[in-house]
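Below you'll find the structure, written out as structure tokens, and then a few comments.
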Amino acid sequence: MSTEFDVTETLDVQGASCPMPVVKTKQAIDDLEEGEVLEVVATDSGSMSDIEGWAAGTDGVSLLEQVDDGDVYKHYVEKTA
């Protein structure tokens, strides 16, 4: 997949384990405006399913892409409302 998003803010949660990547992602998304994109950089492999599940069950956000770079996981979440 190609990561071609206009990233508004990057959230570094490397070293944090469940549930902190999701908790910090929610806090950061709350501070964004509609249409802005948050890049989340994590080292917890569980963040792939955790953030996907959180985005699927949360109104006003859309998971655009997830990238597995081996030891680093990047998530791109857009605030839609």
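The values are calculated or read from the model by the stated rules, or taken from the named source; none is laboratory data. All figures in this text were calculated on a predicted structure; none of them were measured in a lab. Quick reminder, even Gly has a Cβ in these numbers, built from the backbone with ideal geometry, and neighbours come from all protein chains shown. Areas reflect the complete protein model, heavy atoms only, side chains present, ligands, DNA and RNA absent. Shrake-Rupley method; radii C 1.70, N 1.55, O 1.52, S 1.80 Å.
Prolate is the label for the stretch 22-81, because a/c, from the alpha-carbon gyration tensor with a ≥ b ≥ c as root eigenvalues, is 1.5 or above and a/b exceeds b/c. In the chain, the calculated helix contribution to ellipticity at 222 nm averages -7500 deg cm²/dmol per residue, counting -39,500 (n - 2.57) for every DSSP H run with n ≥ 4.
The gain in end-to-end length when the M20 to E36 segment is fully stretched comes to 3.6 nm, 0.36 nm per residue minus the alpha carbon separation. So, with a 1.4 angstrom probe, what is the percent of accessible area on the chain that is carbon and sulfur? Carbon and sulfur together cover 44 percent of it. Taking 0.36 nm per residue of sequence separation and removing the Cα-Cα distance, the V7/A81 pair yields an extension gain of 25.0 nm. Accessible area per residue for the chain, computed on protein heavy atoms with a 1.4 Å probe, is 55 Å². Charge tally for G60 (other residues, Cβ to Cβ under 11 Å; Lys, Arg +1; Asp, Glu -1): -2.
Please report the relative contact order for the chain, taking Cα pairs under 8 Å with a sequence separation of at least 6, and give it as a percent rounded to a whole number. Once normalised by length, the contact order is 33 percent.
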